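The values are calculated or read from the model by the stated rules, or taken from the named source; none is laboratory data. This structure is a prediction, so every number in the text was calculated from the model and none was measured. Methodologically, a virtual Cβ is constructed for each residue, glycine included, from the backbone with ideal geometry; neighbour enumeration extends over all protein chains shown. We work out accessible area using only protein heavy atoms, side chains counted, and drop any ligands, DNA or RNA first. Shrake-Rupley method; radii C 1.70, N 1.55, O 1.52, S 1.80 Å.
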Amino acid sequence: MRYIAFTVLSLMCGLVQAADAQSVIEPPPYAKTVNLSGPRFGITALSPGVVDELQKRSIEVGSNVSQFGWQFEKEFYAKGSGLAAVNEWVVLVGGLEQGHVLPSLSWLVGLRTREGVEFGIGPNVTAAGVALVVAAGVTVRTGTFNVPLNVAVVPSKVGTRVSVLTGFNMRRE
């Protein structure tokens, strides 16, 4: 019985020492962030299924709609890694040229290379329903001025939407 009590006590002391040793481990440094928010505009091609779904909701539009909006973007990066994590909220209104306001909200998370090539994925909510958006593109940089060019594909139960968007932003830390 003494042997069991001694063993249990030894294990407990070891656990306390291990927990205490972990508390002195330094947390990682703060991530450096860059604000790359700015206006976006472009065009979205709607498949026949998406056009039909909108018609069911009394929204009559053609197979192509304009897009105007704003992208709220934060880039998180570490020195020398070459890759940056990106968090984006894209708020758009489409169809203005056809007399409609078709709101769209996307939240994308992804990666961007040092050369400006990027990829992201996340949820999308529009008047046609909820879906997953997959986007890729490249950002051309000139000093602090950036011009992104992105292609986004949104497959859903009713059809597919393909958007080509561009815009600009100024690098702000």
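For region 84-173, the share of accessible area belonging to carbon and sulfur comes to 74 percent (1.4 Å probe, ligands and nucleic acids excluded).
Rounded, prolate or oblate: which fits region 84-173, taking a ≥ b ≥ c as square roots of the Cα gyration tensor eigenvalues, rounded meaning a/c under 1.5, else prolate when a/b beats b/c? Prolate, since a/c reaches 1.5 and a/b exceeds b/c.
So which trypsin sites (Lys or Arg not before Pro) in region 107-173 are both in a DSSP loop and have at most 16 other Cβ atoms within 10 Å of their Cβ? Those satisfying the criteria are Arg114, Lys157, Arg171.
Note on Val138 and Lys74: the extension gain reaches 21.4 nm, defined as 0.36 nm multiplied by sequence separation minus the Cα-Cα distance. Using a probe of 1.4 angstrom and keeping all protein chains present, the accessible surface of region 90-164 works out to 51 square angstrom per residue.
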